[in-house]
Structure formats: structure tokens, C-alpha cells
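Below you'll find the structure, written out as C-alpha cells, and then a few comments.
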Amino acid sequence: KAGVTQTPRYLIKTRGQQVTLSCSPISGHRSVSWYQQTPGQGLQFLFEYFSETQRNKGNFPGRFSGRQFSNSRSEMNVSTLELGDSALYLCASSLVPSGGYNEQFFGPGTRLTVL
Amino acid sequence: AQTVTQSQPEMSVQEAETVTLSCTYDTSESDYYLFWYKQPPSRQMILVIRQEAYKQQNATENRFSVNFQKAAKSFSLKISDSQLGDAAMYFCAYRSPNQAGTALIFGKGTTLSVSS
């Protein structure tokens, strides 16, 4: 069974631009969560989608948004990029909404660099 | 709000030796879940081991085991018979009781190096 895939793996943008990252969960998984990883802040939760509905949202500005399609693939969008948005963006999938003991499977991440 | 603290930014161990990574957390909840994730240089996070707070017995997975001290809010990871492939960043994570859409709260991580 294929794992979680994220595209693109690397991305370079300039300040003010917008960017869209994609995540394809493991086949059959309906929940996708997004995390931002930076050296300073560590891993921080962005949001989670389950069956095309946002279930939970972290403490990020409205420039960060996401959506999920009927095939469970998810995209996250960052508008008006800032230097501080440079990070590794990880997505994780699970069969059911993340919670409790449920295991989430992580993708390899998208490395975003903002110049 | 819950917080997770990993006080050791870096640790090192020799092959075949045992190493313990520390993790403490702060919560007012009585029931919760704790996890250790491994992030190798490839950056793909892998679940190493997990523990349910209401279970007193410490979880074990092959060479990996935890020492869960609920009263002290401590959740350390012990790696026995360390291997070169264990070199990675290790993250301790907390999750609140089973609610749909509950996120993992991560510590800042411990980088483990393994020497031959």
C-alpha cells in the first residue's frame, strides 16, 4: 500500500506570492492533518480535514487555508507569503479523525523556502 | 493548554548501548495519549511507540520501551541495543482524549546520534 505522498517536495517562492501544497493520503484514509515544522517553533498543527470538512484548526493566521476533495486528497494554500513561512510542511493521514490512540501516518513533507 | 518539553536537544550513544530520551508534559487532563515519533534525515515521521495514560503498564515495541510516570508527568523513551539506523530526531507528543480532530502537541525534539 502506497504511503502518504506530498507534492512538490521542494518549493522556492518570493515574499508576497501564494503557494499551494498537495497531500494524497493512504488509500482508504479520510482524515488529513497538516503541520508546520520550523527550527524555532518546532512542529505546530495547522488544520485537519475529514470527509471534506475542516474538523480542527490551529493558531495560524487566515493566510493559511486548506481544503479536502472527495477523493480525500488535500491541499493547503498560503497567501501573501512571508519570510517566516519558510518551513517543512508535513501532512498526516488516518482512517478516522485524528484523536486518542489513532495512528497518523506522515508524508515526507514539502520544504518551502520564501525569499 | 498542554505543553510538552524535551530538555535534551542532543544525545549520543554508541552502537549496542542503551540510551534514554526524556520528555515531560503539562496537562490538567486525567486521560490522554502519549507518543514518540522518529524523524530520520529523510524527514518522514515514523511512530515509534505510544502509551495510553490510563494504562499503568509501560509500552514496549521491540528495542523501544517507555517509562511512563503519570504523577511526575514524565514519559521517557529507552532505546536498547542501539543501531546506526536509530540516528534521528525524536519527538515526544501529547494528544487529548478521543475527540474527533484532536491534534498532536509536539515537544521540540531530541537529536540522537549513534556512533560505531
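Structure values in brief
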| item | result |
| --- | --- |
| Only one of B:Ala1, B:Ala93 that is out of contact with any helix residue (DSSP H, G or I) (no Cβ under 7 Å at 6 or more places or on another chain), within 24 Å of A:Trp34 (Cα to Cα), of a type in the set (Gly, Ala, Ser) and assigned to a strand (DSSP E or B) | B:Ala93 |
| Members of the range A:20-52 found to be free of Cβ contacts under 8 Å to residues at least 24 places away in the same chain, outside any loop (DSSP other than H, G, I, E, B) and open to solvent by 20 Å² or more (accessible area, probe 1.4 Å), listed by number | A:Gln44, A:Phe45 |
| Pairs where the first residue, in the range A:90-115, is more than 14 Å from B:Ile105 (Cα to Cα) and free of Cβ contacts under 8 Å to residues at least 60 places away in the same chain and the second is in a strand (DSSP E or B) and acidic (Asp, Glu), C-beta under 9 Å, 6+ apart | none |
| Unique match (being in a strand (DSSP E or B), within 13 Å of another protein chain (Cβ to nearest Cβ) and open to solvent by 60 Å² or more (accessible area, probe 1.4 Å)) among A:Arg55, A:Arg67 | A:Arg55 |
| Among the residues listed as B:Asn62, B:Asn67, the single one being open to solvent by 10 Å² or more (accessible area, probe 1.4 Å) and farther than 30 Å from A:Thr5 by Cβ | B:Asn67 |
| Residue ID - most open to solvent (accessible area, probe 1.4 Å), chosen from residues in the range A:70-80 that are in contact (Cβ under 8 Å) with a residue 24 or more places away in the chain and either within 17 Å of A:Ser22 (Cβ to Cβ) or of a type in the set (Asp, Glu) (or both) | A:Arg73 |
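The values are calculated or read from the model by the stated rules, or taken from the named source; none is laboratory data. Note that the coordinates shown come from a computational prediction; the quantities given were computed from them, not determined experimentally. Cβ coordinates were reconstructed from backbone atoms using ideal geometry, including for glycine residues, and neighbour counts include every protein chain displayed. Side chains are part of the model used for accessible areas, which takes the heavy atoms of the whole protein and leaves out ligands, DNA and RNA. Shrake-Rupley method; radii C 1.70, N 1.55, O 1.52, S 1.80 Å.
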